[in-house]
Amino acid sequence: MENVISLNDIVVSFDGETVLNNINLDIKDKEFVTLLGPSGCGKTTTLRIIGGFIQPDSGEVIFENKNITKLPPYRRNVNTVFQKYALFPHLNVFENVAFGLRVRKLPEKEINKAVAEMLELVNLKGFEERNVQNLSGGQQQRVAIARALVNKPKVLLLDEPLGALDLKLRKEMQTELKRIQQSLEITFIYVTHDQEEALTMSDTVVVMKDGSIQQIGRPVDIYNEPQNAFVADFIGESNIIDGIMLKDRLVAICGHEFECVDSGFDEKQPVDVVIRPEDITLTANADEKIHGVVRSVTFKGVHYEMVVDSSDFSWLVHSTKAPEVGSEVGILFGPDDIHIMNKMKG
Amino acid sequence: MKKLSKLYVSLVLLFLYVPIFVMIVFSFNTTKSRSVLSGFTLEWYAKLFENELILKSLGNTIIIAVCASIISTLLGTLAAIGISRMGKFGKATVLGINNIPIINPEIVTGVSLMLLFVFFKARMSMEFGFTTLLIAHITFDVPYVVLNVMPKFRQMTPHIYEAAQDLGCGPFKSFIKVVLPEIMPGIISGFLMAFTFSLDDFVISYFTSGPTSQTLPITIYSMTRRKVSPEINALSTIIFVVVVIVLVVKNIMERRSLNVKKYADDDSAEIIE
Ligand SMILES: Nc1ncnc2c1ncn2[C@@H]1O[C@H](COP(=O)(O)OP(=O)(O)OP(=O)(O)O)[C@@H](O)[C@H]1O
Ligand SMILES: [Mg+2]
């Protein structure tokens with residue numbers, strides 16, 4: 001597949017502070033790409049670079065093999081759904097959606113048809129005359145999406161579009177957005193700091209931290225093969241333990257040797273060892289290599305979340321069965337459950 | 001307690017409005033007396049409209065007020081646009097400077113403008129008259145326009161300017177199509193404020209007008225120095241009524257734009273619940 005957008009060595013700084021540090025990203029046609037990362041990591045800035053609202057200090061933006069780094073936003077075949085919707089308050093729903101078409105001076109008939117189609121797509125039929133200020137958050141959201149999509153952009157940029165919605169509405173809109181993306185076959189670049197949202201909706205997830213990309217990959221790969229401890233922890237709560245690589249497929253954790261499946265590290269190299277809470281099994285046998293005392297048990301709906309204190313680490317464990325608080329348990333995990341990562345710099 | 005506060009408010013209103021009420025009543029009095037009411041007449045109003053000096057200065061006042069408020073609305077709005085894009089420090093500084101002419105005693109502004117015009121008069125063939133008066137009025141009107149327009153930028157829905165560009169409008173078109181409608185209420189109230197201030201300015205006009213461009217307040221002032229005619233009562237009554245109408249219109253418009261905002265806020269509060 002062809003790349004629609006490529007960011008090459010993008011650097012952005014505000015007031016001498018580097019906000020994006022050498023971003024390289026290729027986005028394929030019709031892909032649902034999510035930029036995921038904690039607040040302030042540069043997600044919005046990346047989106048604004050693609051939208052044309054800021055110029056990078058260096059680097060280039062390539063759109064369908066053309067360099068568009070210097071092109072102003074109104075000349076780009078890209079539309080944005082803004083974080084707070086940015087609907088035009090003096091226009092009604094119809095006129096908001098028709099805005100881009102009117103700018104392009106399309107004939108009235110075509111405008112009516114396109115807007116009606118779009119409002120149908122986002123389930124807002126019959127809302128044409130409504131004042132946008134009197135709509136609910138979810139409805140405003142859908143107007144914003146219709147307003148952007150009606151222009152049939154090659155790429156749609158969405159900046160935390162579901163951030164202001166309650167959980168139930170969020171879930172509904174997630175499915176809705178995915179449906180729209182697939183039926184229109186438009187590339188979506190989606191920003192969120194919600195890892196679950198990123199994993200469920202995307203074809204590709206881009207994990208960012210402090211203005212750098214940490215990992216790019218399919219949701220499954222990001223989840224199962226996180227490249228470093230930050231990604232592992234951000235994608236889902238994890239146990240991150242200091243370890244030392246003894247040789248290929250053998251690692252020392254908490255003073256004990258464990259078999260693992262990773263290789264290619266130096267001998268005696270300090271590493272981060274990541275073990276997911278759901279991969280840990282608790283046994284009643286307190287003679288295991290690692291054992292501890294159950295400090296707390298919390299019911300989470302589907303599973304119990306437990307904290308088990310061993311001599312040098314507090315383990316987070318998810319399981320459908322829970323031992324008593326205060327009981328001695330053994331902590332078990334297999335070679336497949338151990339993920340070895342290079343120590344993060346800094 | 002409630003009764004007391006009501007009494008207090010009525011007293012304040014009484015002090016404010018009794019003099020005006022008395023003036024209005026006496027503008028309909030048949031004799032020239034200012035203590036005895038002897039009967040109802042519209043004579044003074046009729047005379048007023050035969051008095052050429054008054055009519056001419058009324059004309060001057062309106063022309064000046066219209067010109068000055070239009071020009072200062074333009075200048076002030078442009079200034080507000082610029083200021084709204086400044087950094088925090090620049091914004092605070094410029095707004096501070098903007099406020100100085102408002103706090104500054106009018107007499108200082110008046111005298112300094114007069115000195116400035118004298119300076120130019122000596123060098124170029126510039127006469128005191130319409131131009132000097134217009135410049136002076138624009139000078140004291142602009143800060144009020146800026147002050148009325150600025151808050152609209154803060155209240156504006158964020159990112160709509162960028163959204164318009166995103167949808168294909170160039171910078172200028174984006175401004176006209178989405179920003180201007182949003183700041184319009186501020187521009188109109190700024191215009192009305194500038195207009196009323198121009199209409200009744202005395203001190204600054206006194207120092208900057210010439211013999212050919214006397215405004216109404218100045219004419220009234222010179223009339224009271226000779227003999228006080230009830231025509232002045234009639235004239236002042238008319239001015240008062242006009243100003244009240246302008247203020248009422250302005251308030252209604254503000255109330256309306258506020259109501260729309262409030263309605264939207266109520267709505268979102270409901271959704272959060
Ligand atoms: N116009 C600006 N001037 C100065 N600093 C800025 C500007 N825009 C963004 N920043 C800074 O750049 C960094 C990244 O901002 P950005 O908005 O891209 O983060 P984000 O990942 O979108 O965060 P969030 O999830 O909170 O929206 C932040 O530290 C922010 O303070
Ligand atoms: Mg953001």
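The values are calculated or read from the model by the stated rules, or taken from the named source; none is laboratory data. Owing to the predicted nature of the structure, the values given are computational and were not obtained by experimental measurement. Cβ: placed from backbone, ideal geometry, glycine included. Neighbour counts: every protein chain shown. The accessibility values were calculated without ligands, DNA or RNA, using every heavy atom of the protein model including side chains. Shrake-Rupley method; radii C 1.70, N 1.55, O 1.52, S 1.80 Å.
How many residues are surrounded by 19 or more Cβ atoms within 10 Å (Cβ to Cβ), within 14 Å of another protein chain (Cβ to nearest Cβ) and among the aliphatic types (A, V, I, L, M) if we restrict to region B:143-170?
Final tally of qualifying residues: 4.
Taking only pairs six or more apart or across chains, which ones have beta-carbon atoms under 6 Å, a first residue in region A:124-147 that is more than 8 Å from every other protein chain (Cβ to nearest Cβ), and a second residue that is in a helix (DSSP H, G or I) and of a type in the set (D, E, K, R)?
A:124/A:142
Got a sec? Which of A:302, A:317 is open to solvent by less than 50 Å² (accessible area, probe 1.4 Å) and not hydroxyl-bearing (Ser, Thr, Tyr)?
A:317
Kindly indicate the residue of region A:34-78 that is open to solvent by 20 Å² or more (accessible area, probe 1.4 Å) and more than 30 Å from residue B:172 (Cβ to Cβ) and also farthest from ligand 1 (Cβ to nearest atom) among those meeting that condition.
Ranking the qualifying residues of region A:34-78, first place goes to A:65.
Just checking, does region A:52-71 include any residue being away from ligand 2 (no atom under 16 Å from the Cβ), in contact (Cβ under 8 Å) with a residue 12 or more places away in the chain and within 11 Å of chain B (Cβ to nearest Cβ)?
So far as region A:52-71 goes, yes, one or more of its residues are away from ligand 2 (no atom under 16 Å from the Cβ), in contact (Cβ under 8 Å) with a residue 12 or more places away in the chain and within 11 Å of chain B (Cβ to nearest Cβ).
Could you run through region A:166-200 and say how many residues are more than 16 Å from ligand 1 (Cβ to nearest atom), assigned to a loop (DSSP other than H, G, I, E, B) and touching a residue at least 24 places away in the same chain (Cβ under 8 Å)?
2
Tell me the residue from A:95, A:31 that is under 30 Å from residue A:130 (Cα atoms), away from ligand 1 (no atom under 15 Å from the Cβ), open to solvent by less than 70 Å² (accessible area, probe 1.4 Å) and assigned by TED's automatic domain parsing to the domain that holds residue A:217, please.
Going through A:95, A:31 in turn, the sole match is A:95.
Is at least one residue of region B:126-141 over 26 Å from residue B:99 (Cα atoms), out of contact with any Lys or Arg (no Cβ under 9 Å at 6 or more places or on another chain), open to solvent by less than 40 Å² (accessible area, probe 1.4 Å) and part of a helix (DSSP H, G or I)?
Checking region B:126-141: not a single residue is over 26 Å from residue B:99 (Cα atoms), out of contact with any Lys or Arg (no Cβ under 9 Å at 6 or more places or on another chain), open to solvent by less than 40 Å² (accessible area, probe 1.4 Å) and part of a helix (DSSP H, G or I).
Could you please find all residues in region B:203-233 being at pLDDT 85 or above and not in a helix (DSSP H, G or I)?
Across region B:203-233, the qualifying residues are B:209, B:214, B:215.
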